[in-house]
Every structure is written in C-alpha cells, then in structure tokens.
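Here is the structure we will look at.
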Amino acid sequence: MPIIPEVQDRLRAAFPATTDAMLFRAVQEGSYHADHLFDGEPFLNNPIGRDLRGHVRRIGIAHQLNLYCGRGDLPWKADMKPMPQGRWHWLEIGADGAMAHVCRTDDVFEFPAEADSRQDFRLALQPNLFTAAEERRSFAEVLKDVPQLYAWLTFRVGQDGAISHLCWASPAVDHDDWLGHIKVLDQIRLSGAELPPVTPVPDPKDKLCL
C-alpha cells in the first residue's frame, strides 16, 4: 500500500484531527437513527424490509453529516448532489483543498464494491502521481498541480449498529491503491481520548421519520 507522505499530509490538513470525534458522533448517530426507524416500523422490521437496512443506514449517515456541516459542528461544506450517471444521489463533502464522497467498505483498507452507485471522480480530479514520479517530479511538485485532492470517507456498520471502521482515504487514479489513509477511530484513541458516547435512542426532534 504505497502511502505517500505528501498526500497523507494534505488529506489530514483537509480533514484535521480536531474534527475526528465530532465526525464519529455524526456517523454513529446516523446509523443508530436508521436502526431506530427500522425497530419502530413493523412493515420494515421483517426479512424483506431488513434487506434495505444498509441503504437506510447510508441515508441516515448522509443526513447527519449534512446536518452537522450545515450547522457548523463540522467545518466543511456538504451537499446532496445527483451522481453524474443514473438517478442516484450522493453526499459531497468539500474541504479546503479536498473533496470527498461517503461510501461503505467491507474492511478498513478495502475499496468500495463495484456497483452502479460507485462512480470514480478520482479519474477526473486526480492525476496519476506514479506516472509523474517516473518523470522524476517530486510528489510535492505534482500535488501543487492538483487543485482538489479526491477522497472517500469509508465506513462499515456492525450488526449492532455500531461503527466498526471510519476512514479518510485518498485513492490512486487508475488502480485500487491508497495514496493516503487515516483510520479515524484509531486516531481518536491514540490522542488519549475515548470515543464520544452516542445513545442508540435518538432525541425525538432528530430521529428519522417516514
């Protein structure tokens, strides 16, 4: 996994450690809100309805991230935008020098599964840094030509609704390797802090409603 220090530094500058705990809270609340909706609706809480649980969790997470950014709890600009292809939408997070989309991955270092909803903006936004390196330009020089670093906020939710991993990750342009990768939950623990508590039962004014 060829992590490039210059990319790692730029990724961390765009999504700094000071936001990690609040980011975790927003994502965890979104997952719990979705599960609370399922538990309270018999027509969803059945084998067919539960087939949609992962999708509804992604909606809950996108909703909370959009809410937190909108009210200033997180310092980025968030917007629910149509994808370039099809009728899907995704949450786009804009930071200083970087842009990210939110997606689920099976493990910490896995890439998103191939699907209609995976549309790689990295191909448009990120030049091939390896080719540039072969031309003997330093990565620092190459990154000056990249107005926006592209990243994913990757996550996975366990059976109990708890977030099992949460990462900022910047992909290579033309193959599945990470050029920058930050494990948010590990960074919170390494700072000496505990993961902020999040109740599985949402405040009535915040819960997702049909």
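Limited to region 21-66, what total is found for residues that are open to solvent by 60 Å² or more (accessible area, probe 1.4 Å) and closer than 21 Å to Gly94 by Cβ? Summing the residues that are open to solvent by 60 Å² or more (accessible area, probe 1.4 Å) and closer than 21 Å to Gly94 by Cβ in region 21-66 gives 5.
Can you spot a residue in region 136-156 that is modelled with pLDDT of 80 or more, in contact with a Ser or Thr (Cβ under 8 Å, 6 or more places away or on another chain), among the small types (Gly, Ala, Ser) and open to solvent by less than 50 Å² (accessible area, probe 1.4 Å)? The answer is yes; a qualifying residue exists. Scanning region 58-79 for residues that are at pLDDT below 95 and among the aliphatic types (A, V, I, L, M) gives a single hit, Ile59.
Pairs meeting the criteria (first residue in region 1-27 and over 20 Å from Thr199 (Cα atoms), second residue assigned to a helix (DSSP H, G or I) and small (Gly, Ala, Ser), beta carbons under 8 Å, at least 6 apart or on different chains) are Glu6/Ala140. Summed over region 68-87, residues that are open to solvent by less than 60 Å² (accessible area, probe 1.4 Å) and either in contact (Cβ under 8 Å) with a residue 60 or more places away in the chain or not small (Gly, Ala, Ser) (or both) total 6. Set side by side, the residues His181, His165 differ, and just one is more than 17 Å from Val27 (Cα to Cα), crowded, with 18+ Cβ neighbours inside 10 Å and at pLDDT 95 or above, which is His181.
Of all residue pairs spaced 6 or more apart or on separate chains, none has beta-carbon atoms under 9 Å together with a first member in region 186-202 that is of a type in the set (Phe, Trp, Tyr) and surrounded by 11 or more Cβ atoms within 10 Å (Cβ to Cβ) and a second member that is assigned to a loop (DSSP other than H, G, I, E, B) and at pLDDT 95 or above. For Ile93, the conditions (1) closer than 30 Å to Asp160 by Cβ; (2) in contact with a helix residue (DSSP H, G or I) (Cβ under 6 Å, 6 or more places away or on another chain) all hold with the exception of (2).
The values are calculated or read from the model by the stated rules, or taken from the named source; none is laboratory data. Since the structure is predicted, the reported quantities are computational estimates derived from the model, not experimental observations. Glycine also receives a Cβ, built like all others from the backbone with ideal geometry; neighbour counts cover every protein chain displayed. Only protein heavy atoms, including side chains, enter the accessible area calculation; ligands, DNA and RNA are left aside. Shrake-Rupley method; radii C 1.70, N 1.55, O 1.52, S 1.80 Å.
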